[in-house]
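Chemist: Got a structure for you, written out below as structure tokens; questions coming shortly.
The values are calculated or read from the model by the stated rules, or taken from the named source; none is laboratory data. Keep in mind that this is a model prediction, so the values were computed, not measured. Methodologically, a virtual Cβ is constructed for each residue, glycine included, from the backbone with ideal geometry; neighbour enumeration extends over all protein chains shown.
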Amino acid sequence: MDAIGQIVCASGQAYTAYRQCTLKDRKRTIEAVRKGLKGAVMNLAEMACRETGMGHSVDKARKIALAVDKTPGVEDLQTEVLTNDDGIVLTELSSCGVIAAVHPCTNPIAVLINTTISALAAGNAIIHCPHPRAFHSSQTAVELINASIKEAIGIDHLVSMLPTTGHNVSEQLMNHPDVDMIVVTGSSTAVSAAFRADKKVIGAGPANPPVIVDETADLDRAASAIAESAAFDYNLMCVSEKAIVTLDCVAEPLLTAFARVGVQVLDSKDMEKVERLMFNADGDVARRYEGRPLKEILDRAGVVYHYPAKLAVGEARLNDLLVMKEVKIPIVPMVRMPDFKSALTAASQVEQNYHHTAGIHSRSIERLDEAARAMRTAIFVKNAPFISSIGFGVDVPCAFSIASQTGEGPISARHFTHRRRCVLSEAFQIK
């Protein structure tokens with residue numbers, strides 16, 4: 001038996017043992033995992049930053065802490081009951097089995113922890129396949145999780161990780177006959193590979209989130225919200241604002257508002273220099289600059305950096321590569337449109353039917369409603385930082401995988417289950 005086969009076999013045995021556990025045991029397991037990770041948050045964040053070469057360690061620690069503290073547990077598994085004259089229909093959310101989880105390098109530890117707690121809450125075993133650039137930090141997280149589980153309920157290998165990683169290895173894992181479900185957070189290519197395995201798939205694919213700012217918006221609030229979210233972890237988050245679409249009449253006041261909150265404003269020539277740096281001749285993104293500090297990127301592009309800015313905003317055209325492609329850097333292009341209708345159309349073009357994340361800053365109820373209906377994204381944010389949609393600063397369940405391609409949206413324990421119906425005839429109706 002090869003290494004992947006051995007891991008899947010051990011995971012299957014762990015799942016069989018875990019199926020005998022009660023919901024109280026699952027709760028105890030998750031609490032042990034949370035407790036075991038709490039003291040390692042900063043260390044894991046620093047490891048991930050060093051290994052991937054991306055992001056800000058303090059922000060990564062905030063992400064990891066959010067995943068540890070606010071990922072929903074067994075409370076996410078809601079039972080449905082229907083009673084009538086004919087009897088009772090009970091619909092339960094039951095475990096799937098062994099789950100293969102493929103992760104990105106942008107948010108490796110937060111995604112791993114978030115996915116693990118969701119899988120455990122639903123009663124599953126899980127095998128992680130991290131990105132090669134995040135292998136060792138992911139391995140450390142898995143070891144901490146397994147030690148906590150072993151101490152809590154005495155089961156080994158409930159959470160596992162492949163000894164090597166890469167596209168070929170992850171595809172072998174996904175296609176193993178004893179893997180029951182796949183969750184992929186990353187590119188369309190990885191999600192497509194998962195679908196070829198012909199089993200249940202949760203697919204969190206690409207994004208390019210636009211934010212509309214209209215003439216009715218509170219511009220200082222809009223600028224502050226966008227700055228908070230797009231500067232966070234150097235704009236590595238898939239839900240963070242990647243492009244701004246605004247109206248001609250409000251563009252200059254909005255740039256002034258950005259300057260008031262400490263955002264560096266770039267002119268069109270500066271933005272052209274940034275675009276030349278970030279794309280090669282074939283139009284592909286220069287990934288080595290993603291997740292890097294603003295100063296480093298501007299220095300490389302030949303643009304003067306204004307200390308202590310963490311984010312820059314500059315004007316661009318709708319069809320510019322910086323606008324139409326997801327670029328994970330703390331520089332956000334701003335596109336002017338003549339009116340709200342054209343702004344909404346432009347935002348839809350920027351989002352490109354990924355159905356992932358979009359939002360708006362406006363005081364108009366009608367426009368808030370119209371934009372949400374038109375964009376049809378898994379997450380739509382109104383008058384707030386986009387990162388609030390996954391739990392930062394607000395009482396919202398934490399989700400680091402947004403399943404836009406398969407339709408679940410922000411995923412949680414309930415999505416790691418099968419719906420099972422139990423019917424009992426002519427009984428338990430006491431109305």
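Chemist: Look through S229, S224, S240 and report the one residue that is among the small types (G, A, S) and surrounded by fewer than 24 Cβ atoms within 10 Å (Cβ to Cβ).
Modeler: Every option except S224 fails the conditions.
Chemist: Something else now. Six or more apart or on different chains, Cβ atoms under 6 Å: show the pairs whose first residue is in segment 352-380 and without any contact (Cβ under 8 Å) to a residue 40 or more places away in the chain and whose second is outside any loop (DSSP other than H, G, I, E, B) and basic (K, R).
Modeler: Going by the 6 Å Cβ cut-off, the qualifying pairs are L368/K382.
Chemist: If I126 passes every condition in (1) in contact with a Cys (Cβ under 8 Å, 6 or more places away or on another chain); (2) surrounded by 22 or more Cβ atoms within 10 Å (Cβ to Cβ); (3) assigned to a strand (DSSP E or B) but one, which one does it miss?
Modeler: (1)
Chemist: Here's another thing I want to ask about it. Of all residues in segment 19-35, count the ones that are surrounded by fewer than 21 Cβ atoms within 10 Å (Cβ to Cβ) and either of a type in the set (A, V, I, L, M) or in contact with a Leu (Cβ under 9 Å, 6 or more places away or on another chain) (or both).
Modeler: Matching residues across segment 19-35 total 2.
Chemist: Can you tell me which residue within segment 1-16, out of those that are of a type outside the set (S, T, N, Q) and surrounded by 16 or more Cβ atoms within 10 Å (Cβ to Cβ), is farthest from A152 (Cα to Cα)?
Modeler: Only one residue fits best here, namely I4.
Rundown of residues vs (1) of a type in the set (K, R); (2) under 18 Å from the mean Cα position of the chain (by Cα), yes/no style:
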{"position": "F195", "(1), (2)": "no, no"}
{"position": "K199", "(1), (2)": "yes, no"}
{"position": "A222", "(1), (2)": "no, no"}
{"position": "A230", "(1), (2)": "no, yes"}
{"position": "V245", "(1), (2)": "no, no"}
{"position": "V250", "(1), (2)": "no, no"}
{"position": "L254", "(1), (2)": "no, no"}
{"position": "A257", "(1), (2)": "no, no"}
{"position": "E275", "(1), (2)": "no, no"}
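Chemist: Of everything in segment 274-291, what is in a loop (DSSP other than H, G, I, E, B), surrounded by 14 or more Cβ atoms within 10 Å (Cβ to Cβ), in contact (Cβ under 8 Å) with a residue 12 or more places away in the chain and not acidic (D, E)? Give them in sequence order.
Modeler: Listed by number, the list holds a single entry, G291.
Chemist: In segment 250-273, what residues are in a loop (DSSP other than H, G, I, E, B) and either among the aliphatic types (A, V, I, L, M) or surrounded by fewer than 15 Cβ atoms within 10 Å (Cβ to Cβ) (or both)?
Modeler: Of everything in segment 250-273, those that are in a loop (DSSP other than H, G, I, E, B) and either among the aliphatic types (A, V, I, L, M) or surrounded by fewer than 15 Cβ atoms within 10 Å (Cβ to Cβ) (or both) turn out to be V261, V263, D267.
Chemist: Next question. Name the helices (runs of 4 or more DSSP H) wholly within segment 141-245 that hold at least 3 residues that are outside the structural domain of A45 (by TED's automatic domain parsing)?
Modeler: Those helices (runs of 4 or more DSSP H) span 219-231.
Chemist: Residues to consider are T115, T164; find the one that is of a type outside the set (F, W, Y), under 29 Å from A61 (Cβ atoms) and either crowded, with 18+ Cβ neighbours inside 10 Å or in contact with a helix residue (DSSP H, G or I) (Cβ under 6 Å, 6 or more places away or on another chain) (or both).
Modeler: Matching residue, one of T115, T164: T115.
Chemist: Keeping to segment 38-55, report how many residues are surrounded by fewer than 21 Cβ atoms within 10 Å (Cβ to Cβ) and either touching a strand residue (DSSP E or B) at 6+ places or on another chain (Cβ under 6 Å) or outside any helix (DSSP H, G or I) (or both).
Modeler: Selection size over segment 38-55: 3.
Chemist: Shifting gears a bit: Are any residues in segment 412-426 closer than 19 Å to P104 by Cβ and either polar (S, T, N, Q) or modelled with pLDDT under 95 (or both), and if so, which ones?
Modeler: Residue satisfying the conditions is S412 alone.
Chemist: For the condition of a type in the set (G, A, S) and either touching a Gly at 6+ places or on another chain (Cβ under 7 Å) or free of Cβ contacts under 8 Å to residues at least 24 places away in the same chain (or both), what is the one hit in A61, A17, A3?
Modeler: Answer to the selection: A61.
Chemist: Now a separate question. I'd like the full set of residues that are of a type in the set (K, R) and either buried (at least 20 other Cβ atoms within 10 Å of the Cβ) or touching a Cys at 6+ places or on another chain (Cβ under 8 Å) (or both), limited to segment 311-347.
Modeler: Listed by number, the residues that qualify are K328, R336.
Chemist: Output the residues belonging to segment 134-157 that are touching a strand residue (DSSP E or B) at 6+ places or on another chain (Cβ under 8 Å) and farther than 14 Å from L112 by Cβ.
Modeler: Hits for segment 134-157 are I149, H157.
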